[in-house]
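Engineer: Got a structure here, written out as structure tokens. Questions coming.
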Amino acid sequence: MKIVFSNYDDLKNPYYAGGGALAIHEIAKRLVTDYGNAVTVLTGSYPGAKLETLDGVVYRRVGFSV
């Protein structure tokens, strides 16, 4: 199954990272490791943001970074 989460918050955003980002990551990570799903998290962009995979979860930072 392919699952997409969308949230402005991001684990690595130096200005905005918070509990919501951590909660989504923990759920997404479990969906990947425990159930074999393909999970992508769409978040807002920030300076230095890039496409990356953390714990099997693909992070796509979208929008403009200032």
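Engineer: Relative to the Cα centre, what is the charge dipole magnitude of the chain, using +1 at the beta carbon of each Lys and Arg, -1 at the beta carbon of each Asp and Glu, and rounding to the nearest 20 debye? Intermediate values should be presented prior to the final figure.
Structural biologist: Numbers: 7 positive and 6 negative charges, 35 e Å.
Magnitude of the dipole: close to 160 debye.
Engineer: Hey, another quick one. Taking only Cα atoms and a 10 Å spring cutoff, compute GNM fluctuations for the chain and point out the largest among Leu31, Leu42, Leu51.
Structural biologist: Leu51
Engineer: Averaging sequence separations of C-alpha pairs under 8 Å and six or more residues apart, then dividing by the length of the chain, give the relative contact order as a whole percent. Kindly include the intermediate steps, with their values, before the conclusion.
Structural biologist: On the way: 111 pairs, mean separation 21.3, N = 66.
Relative contact order of the chain: 32 percent.
Engineer: Next up: So which chymotrypsin sites (Phe, Trp or Tyr not before Pro) in the chain end up in coil per DSSP with only 10 or fewer other C-beta atoms within 10 Å? Before the final figure, lay out the partial values.
Structural biologist: Numbers: sites: Phe5, Tyr8, Tyr15, Tyr16, Tyr35, Tyr59, Phe64; in loops: Tyr8, Tyr15, Tyr16, Tyr35, Phe64.
Listed in order of number, the matching sites are Tyr15, Tyr35, Phe64.
Engineer: Rolling a 1.4 angstrom probe over the protein heavy atoms, how many square angstrom per residue are accessible across the chain? Mind showing how you got there, number by number?
Structural biologist: Working: 4250 Å² over 66 residues.
That works out to 64 Å² per residue.
Engineer: Okay, helix-only estimate at 222 nm for the chain: each DSSP H run of n ≥ 4 adds -39500 (n - 2.57), divide by all residues, round to 500 deg cm²/dmol; what do you get?
Structural biologist: Working: 1 runs with 15 residues, N = 66.
Here the helix-only value at 222 nm equals -7500 deg cm²/dmol.
Engineer: Taking the structure as given and computing mean projected area of the Cα convex hull in nm², which label from [x] 5.6; [y] 4.9; [z] 3.9 fits?
Structural biologist: Here mean projected area of the Cα convex hull in nm² agrees with entry [z].
The values are calculated or read from the model by the stated rules, or taken from the named source; none is laboratory data. No experiment lies behind these values; they were computed from the predicted model shown. Counting neighbours? That spans all protein chains shown, and the Cβs are built from the backbone with ideal geometry, glycine included. Surface accessibility is based on the protein's heavy atoms, side chains included, excluding ligands, DNA and RNA. Shrake-Rupley method; radii C 1.70, N 1.55, O 1.52, S 1.80 Å.
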